[in-house]
Amino acid sequence: MEIIWLFTLVLAFGLCVVPVMASGDHSPPLMLAKVWRESLDPSAYLVSEKLDGVRAYWNGKQLLSRSGLQIHAPAWFLAQLPELPLDGELWAGRGSFERVSLLVRAIKPQDEAWQGVRFMAFDVPDSPVTFTDRYWLLKTLVEELNSPCIDVVRQETVNDQAALLARLDSVLAEGGEGLMLKRRQSLYQARRSDDLLKYKPLQDAEGTVIGYVPGKGKYLGMTGALRVLTDDGREIRLGSGLTDALRKNPPPRGGRVSYAFNGYTAHGLPRFARFVRVRPEE
């Protein structure tokens, strides 16, 4: 099998290799996840580990962040990616988020630092077929490329809720952070969709830093908590989870942060919200 045959296959699947951007902005047309609900049937989905990396969109020529900013990867890395749009994540193994985040924010490519980073592909955005067939296409593509710079996020089936919980426990025991579930018969949708779900012990979300609460006691003269505007327009405060280094030098106003929480209060606010990390500029 040769690469030229594979692109013939791509055309047969109805793919367009010209990058398509979301209307009205410069953000890639990405499919975004909602949260898994136990009332759903796991057997209708394919399940994969939720990688702790940085979301990236490959448009066939450039790597773009979730908001459309160019990711300056080395030329040798980009040269090993295919000439068709892919949705995926830049990843260097479990526990490597901070390393990859720094690389993504860098203006100049850092060749040595990119060694060991892989583009973990999990979808083919421009394909009009169901996810089961898109996954087969991805596996075929990655096997043909045979490159250390790109891999496919492995999917598997689970028959019921008990099997799903067992898979989650296995991933957590190995240092992973959760699971992703994608409906087998779903089409790619450039929006937040019920056909793509995340399953973690804790819920998580992102917000924007809008101010600071002064510290008291041992934190006097430092930041006691971040004032954060959630994406649905509510203000919360994040103190738990902040390191001393971040209390001395907190994220700037306008910066994005991730936080974890345990469900919602009666007023719809995240319960027991705590800081997780600063998000890379996207």
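The values are calculated or read from the model by the stated rules, or taken from the named source; none is laboratory data. Quick caveat, the model's predicted, so the values are computed rather than measured. Note: ideal-geometry Cβ built from the backbone for every residue, glycine included; neighbour counts use all protein chains shown.
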Could you list, in sequence order, the residues of segment 96-119 that are under 13 Å from V54 (Cα atoms) and among the small types (G, A, S)? S96, S101
Select from segment 267-282 the residues that are in a strand (DSSP E or B) and of a type in the set (K, R) and write down the one among them that is surrounded by the most Cβ atoms within 10 Å (Cβ to Cβ). R277
Name every residue in segment 38-83 that is of a type in the set (S, T, N, Q), surrounded by fewer than 16 Cβ atoms within 10 Å (Cβ to Cβ) and within 20 Å of L196 (Cβ to Cβ), in order of residue number. S39, S43, S67
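Yes/no matrix, rows are residues, columns are (1) at pLDDT 95 or above; (2) outside the structural domain of G60 (by TED's automatic domain parsing); (3) under 18 Å from the mean Cα position of the chain (by Cα):
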{"position": "E98", "(1), (2), (3)": "no, no, yes"}
{"position": "A113", "(1), (2), (3)": "no, no, no"}
{"position": "D126", "(1), (2), (3)": "no, no, no"}
{"position": "F131", "(1), (2), (3)": "yes, no, yes"}
{"position": "V153", "(1), (2), (3)": "yes, no, yes"}
{"position": "G175", "(1), (2), (3)": "no, no, yes"}
{"position": "M180", "(1), (2), (3)": "yes, no, yes"}
Scan G263, G215, G233 and give me the residue that is at pLDDT below 90 and not assigned by TED's automatic domain parsing to the domain that holds Y135. G263
When (1) loosely packed, with under 15 Cβ neighbours inside 10 Å; (2) closer than 21 Å to S65 by Cβ; (3) not small (G, A, S) are applied to R118, the one that fails is (1)
Pull up segment 89-109, narrow it to residues that are basic (K, R) and touching a residue at least 40 places away in the same chain (Cβ under 8 Å), then point me to the one that is nearest to L172 (Cα to Cα). R94
Among the candidates A205, A190, single out the residue that is in contact (Cβ under 8 Å) with a residue 60 or more places away in the chain, among the hydrophobic types (A, V, I, L, M, F, W, C), in a strand (DSSP E or B) and out of contact with any helix residue (DSSP H, G or I) (no Cβ under 7 Å at 6 or more places or on another chain). A205
Do the conditions hold for S258, that is, is it in a strand (DSSP E or B) and of a type in the set (S, T, N, Q)? yes
Complete set of residues in segment 252-266 that are surrounded by 12 or more Cβ atoms within 10 Å (Cβ to Cβ) and more than 24 Å from E177 (Cα to Cα): R253
